[in-house]
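S.K.: So that we are looking at the same thing, I have put the structure below in structure tokens.
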Amino acid sequence: MQVNRERLAQFFTELCEIESPSRQEAGVSTYLQNHFTQLGADSISIDTSSSQTGSDTGNLLIRFAGDSQLGDALFFACHMDTVGPVEGVKVARSGDVFSSAGETTLGSDDKSGIASLLELITLLKENNVQHCPFELLFTTCEEIGLLGAKAFDTSVIEAKYGYALDSTKKDKVIIGAPAANRLEVIILGKAAHSGSAPEAGINALAVAAEAITRLTLGRIDELSTANFGLINGGTATNIIPEKVVLKGEVRSHSVELLDKHTATIKETFQDIAENWPSQNQGNGPSVIVDIEEEFPVMSLALSEPVLERINSTSAKLGKTVEFDIAGGGSDANIFCGNGLTTAILPTGMDKVHTTDEQIDLKDMVSLTELLFAMVT
Ligand SMILES: [Zn+2]
């Protein structure tokens, strides 16, 4: 069975040229509903997650019944949104390489995965090829905090495991990704005129600086990282800043270490505030540390059926699979956290989240061949 390269290229180009920043995925969803209806999908449904995500549409779930004698049911997931800038996105093609024609991202993240799925189903249907049961899940708002996946009811998925087509790592299957906590630290000092009454003030910025200096940030250990990326506060150069807000994150492949490092950060801020020199005059700063789970850890054992399936399929194609871990979180973290075993497959997308983003058609062809082998 031959993948139709030019048809795949056309699906990809059409998808990329539908602008779909996060919360505006309805155009892509309509395109997919039209195509999959024509391809004879057994069911197409859109969930009610838009009320939670703020998107103009919900997550899109499409089922192809298939024959379970041809393999366990599977699901494939892609996100429909892309990072900006996307306004007026046009696709440029040079040989087999696609890039954006202007000052926008291309959108191969994640439309390369979606296009491969469209070509896969088209190929199956035009050749009347029997396949295992599978479900296609297209989420919204992945790029702004995995919001679509978080609002998705994973219990409606019939398959026991599946694959997110959403990685840049060539020829590597992602089997682990860190968990992350989001931190907001509010430091409250006391405002005073910096020229006439500096003694009366408590500089919240100085408290923040002391804490940041004492903390270990960046790579903390082999499994964990931490960062503060935003700071906000102060009102004028001649006023001692009363309030500073820091925003940051901790990530770890180990839940225990994530908890430990998060606690250390919280305690460090509290300790510095409690021992601030002006505390003896009953005039010290205070801190409020707000911790929110951003996404849970993803960690697949090599014996999981989801990995055995990709191993055996790849072997049939004469390829060996390498496994790797990712540094970022994605929809797969949420699915795994909700008990839906998900590995992540690469699509060939490269330099994503930049205007230099590009992809080679050959990689999308290989992905489609792999998916074809997996479902048949
Ligand atoms: Zn992505």
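S.K.: Quick one: which strands (runs of 3 or more DSSP E) lie wholly within the stretch 184-272 and hold at least 2 residues that are surrounded by 14 or more Cβ atoms within 10 Å (Cβ to Cβ)?
M.R.: 224-233, 243-252
S.K.: Could we say that GLY348 is part of a loop (DSSP other than H, G, I, E, B), touching a helix residue (DSSP H, G or I) at 6+ places or on another chain (Cβ under 7 Å), modelled with pLDDT under 95 and open to solvent by less than 30 Å² (accessible area, probe 1.4 Å) here?
M.R.: Here the answer is yes, as GLY348 does meet what is asked.
S.K.: Restricting the search to the stretch 357-368, which residues are in a helix (DSSP H, G or I), crowded, with 20+ Cβ neighbours inside 10 Å and among the charged types (D, E, K, R)?
M.R.: Passing the criteria: only ASP363.
S.K.: With the condition kept exactly as written, say whether any residue in the stretch 317-339 is among the hydroxyl-bearing types (Ser, Thr, Tyr), assigned to a strand (DSSP E or B), farther than 21 Å from ARG5 by Cα and more than 16 Å from the ligand (Cβ to nearest atom).
M.R.: First pass over the stretch 317-339, keeping only residues among the hydroxyl-bearing types (Ser, Thr, Tyr): 320, 330.
Within this subset, residues satisfying the condition of being assigned to a strand (DSSP E or B) are none.
Scanning the stretch 317-339, I find no residue that is among the hydroxyl-bearing types (Ser, Thr, Tyr), assigned to a strand (DSSP E or B), farther than 21 Å from ARG5 by Cα and more than 16 Å from the ligand (Cβ to nearest atom), so the answer is no.
S.K.: Regarding the stretch 287-297, can at least one residue be identified that is in contact with a strand residue (DSSP E or B) (Cβ under 7 Å, 6 or more places away or on another chain), surrounded by 12 or more Cβ atoms within 10 Å (Cβ to Cβ) and free of Cβ contacts under 8 Å to residues at least 40 places away in the same chain?
M.R.: No, there is no match, as no residue in the stretch 287-297 is in contact with a strand residue (DSSP E or B) (Cβ under 7 Å, 6 or more places away or on another chain), surrounded by 12 or more Cβ atoms within 10 Å (Cβ to Cβ) and free of Cβ contacts under 8 Å to residues at least 40 places away in the same chain.
S.K.: When the stretch 31-45 is examined, which residues are found to be open to solvent by less than 70 Å² (accessible area, probe 1.4 Å) and β-branched (Val, Ile, Thr)?
M.R.: ILE44 - this is the single residue of the stretch 31-45 that is open to solvent by less than 70 Å² (accessible area, probe 1.4 Å) and β-branched (Val, Ile, Thr).
S.K.: Got a number for residues in the stretch 344-376 being farther than 13 Å from VAL97 by Cβ and within 15 Å of the ligand (Cβ to nearest atom)?
M.R.: Count: 8.
S.K.: Residue by residue through the stretch 27-45, note down the ones that are part of a strand (DSSP E or B) and of a type outside the set (A, V, I, L, M, F, W, C).
M.R.: Correct list: SER43, SER45.
S.K.: Looking at LYS111, LYS90 in this structure, which one is under 16 Å from LEU367 (Cβ atoms) and of a type in the set (D, E, K, R)?
M.R.: After applying the criteria, what remains is LYS111.
S.K.: Now for a separate question. State all residues of the stretch 167-179 that are assigned to a strand (DSSP E or B) and within 16 Å of the ligand (Cβ to nearest atom); if no residue qualifies, say none.
M.R.: Passing the criteria: SER167, LYS172, VAL173, ILE174, ALA177.
S.K.: Quick check: is even one residue across the stretch 135-149 charged (D, E, K, R) and within 16 Å of the ligand (Cβ to nearest atom)? Lay out the reasoning, then the answer.
M.R.: Going residue by residue through the stretch 135-149, those that are charged (D, E, K, R) are 135, 142-143.
Now drop any that are not within 16 Å of the ligand (Cβ to nearest atom), which leaves 142-143.
Checking the stretch 135-149: at least one residue is charged (D, E, K, R) and within 16 Å of the ligand (Cβ to nearest atom).
S.K.: Restricting to the stretch 36-75, count the residues that are in contact with a Pro (Cβ under 9 Å, 6 or more places away or on another chain) and of a type in the set (Gly, Ala, Ser).
M.R.: 5
S.K.: Just wondering, is there one or more residues in the stretch 303-326 that are under 28 Å from SER22 (Cβ atoms), in contact with a strand residue (DSSP E or B) (Cβ under 8 Å, 6 or more places away or on another chain) and open to solvent by 50 Å² or more (accessible area, probe 1.4 Å)?
M.R.: yes
S.K.: Which one is modelled with the highest pLDDT, of the residues in the stretch 161-172 that are open to solvent by 10 Å² or more (accessible area, probe 1.4 Å) and in contact with a Phe, Trp or Tyr (Cβ under 9 Å, 6 or more places away or on another chain)?
M.R.: TYR161
The values are calculated or read from the model by the stated rules, or taken from the named source; none is laboratory data. Please read these numbers as outputs of a predicted model, since none were measured by experiment. For neighbour counting, all protein chains shown are included, and Cβ atoms are generated from backbone atoms with ideal geometry for every residue, glycine included. Heads up: the accessible areas ignore ligands, DNA and RNA and are worked out on the full protein's heavy atoms, side chains in. Shrake-Rupley method; radii C 1.70, N 1.55, O 1.52, S 1.80 Å.
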